[in-house]
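The values are calculated or read from the model by the stated rules, or taken from the named source; none is laboratory data. This is a predicted model, so every value here is computed, not measured. All Cβ positions, even for glycine, are placed from backbone atoms using ideal geometry, and neighbour counts span all protein chains on display. Keep in mind that these areas ignore ligands, DNA and RNA; they rest on the heavy atoms of the full protein, side chains included. Shrake-Rupley method; radii C 1.70, N 1.55, O 1.52, S 1.80 Å.
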Amino acid sequence: AAASAAASAAASAAAGEIGGLPAPLLAPPPPKEWFYRDLEGVVQGPFTEEQISEWHRSKYLPANLPMRSSDDPPDSYTPLSEMGSQPPFVAAHLARQKYAAELEKRQAAQAAQQAEQEKASLAEAQRQAEADARAAAAREAAAT
């Protein structure tokens, strides 16, 4: 039984649940804007993380492209190749997409649960009304 409980707890944790409840949904940090220096050294930007991530995915950005975020000092550029296999703008964009998908999933589940509760409440009210009608009919029949 203990092994079964441990397995159930592990499955809940893997599903993003804590104690049978969904784990808190942590919003990603606010998006940053990104800049780069073109081949002539001219600063281009700002660009959104979504936009720059799409360019990166499409392989439009050369590996030696000097880049910086809006949080970095204006003269602090880092070559794209030194940002790792998943640059910060890609990681942030993916985190925002994952957050939005999970939020939508939770809202849909909450709406479905609320609809089920309303359906159950209506069914209970209908059963109660039918029981009340039968009791009234029985009282009326007994009085005559």
Could you check how much of the accessible area of the chain is carbon and sulfur, as a whole percent, using a 1.4 Å probe? 57
Grab the DSSP H runs of the chain that are 4 residues or longer, score each as -39,500 (n - 2.57), total them, divide by all residues and round the 222 nm result to the nearest 500 deg cm²/dmol. -19500 deg cm²/dmol
Helix 2-14 vs. the chain, principal-axis angle (Cα, 0 to 90°, nearest 10): 60
Counting heavy atoms of the protein chains only and a 1.4 Å probe, report the per residue accessible area for the chain as a whole number of Å². 72
How do 21-32, 83-94 rank on mean C-beta neighbours within 10 Å, highest first? 83-94, 21-32
Nearest-ten-degree value, helix 88-143 long axis tilted from longest Cα axis of the chain: 10
Taking Rh as the Kirkwood radius computed over alpha-carbon pairs of the chain and applying Stokes-Einstein at 4 °C with viscosity 1.567 mPa s, one gets a diffusion coefficient in µm² s⁻¹ of 62
Sorting ARG37, ARG68, ARG139 on solvent-accessible surface, 1.4 Å probe, most exposed first, gives ARG139, ARG37, ARG68
